[in-house]
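What follows is one structure encoded as structure tokens, with my remarks underneath.
The values are calculated or read from the model by the stated rules, or taken from the named source; none is laboratory data. As the structure is a computational prediction, the values presented were derived from the model and not from experiment. Methodologically, a virtual Cβ is constructed for each residue, glycine included, from the backbone with ideal geometry; neighbour enumeration extends over all protein chains shown. Just the protein is used for accessible areas: all its heavy atoms, side chains included, with ligands, DNA and RNA removed. Shrake-Rupley method; radii C 1.70, N 1.55, O 1.52, S 1.80 Å.
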Amino acid sequence: GCILEGKLYPFGEILRTHNCFRCSCKQKEMFCCSLFHTPIGYDKENCKVVFNNQTCNYDVVQKSDPSKECAVYSCV
């Protein structure tokens, strides 16, 4: 198998790792790509970005009340 950040994964396609990546594990190499997009266009003065491991995505919430979401205009 392949080891990624101390965790052993079997050879083959890995649909989702513990840290939200999709990987291909081969005998001599491992390729991974992220399953999430990083928000860059939002109200940075009043909002903050928090990573959600359950959904493998970033939540953009109000700094003053994290239970309220902020609008996101663009991601990379």
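Of all residue pairs spaced 6 or more apart or on separate chains, those with beta-carbon atoms under 9 Å, a first member in the stretch 28-49 that is among the β-branched types (Val, Ile, Thr) and a second member that is in a loop (DSSP other than H, G, I, E, B) and open to solvent by 80 Å² or more (accessible area, probe 1.4 Å) are Thr38/Val76; Ile40/Tyr73; Ile40/Val76. Looking only at residues in the stretch 51-70 that are hydrophobic (A, V, I, L, M, F, W, C) and open to solvent by less than 60 Å² (accessible area, probe 1.4 Å), the one that is nearest to the chain's Cα centre (by Cα) is Cys56.
Taking the criterion of being out of contact with any strand residue (DSSP E or B) (no Cβ under 6 Å at 6 or more places or on another chain), more than 26 Å from Val76 (Cβ to Cβ) and outside any strand (DSSP E or B), the residues of the stretch 1-28 that qualify are Gly6, Pro10, Lys26, Gln27, Lys28.
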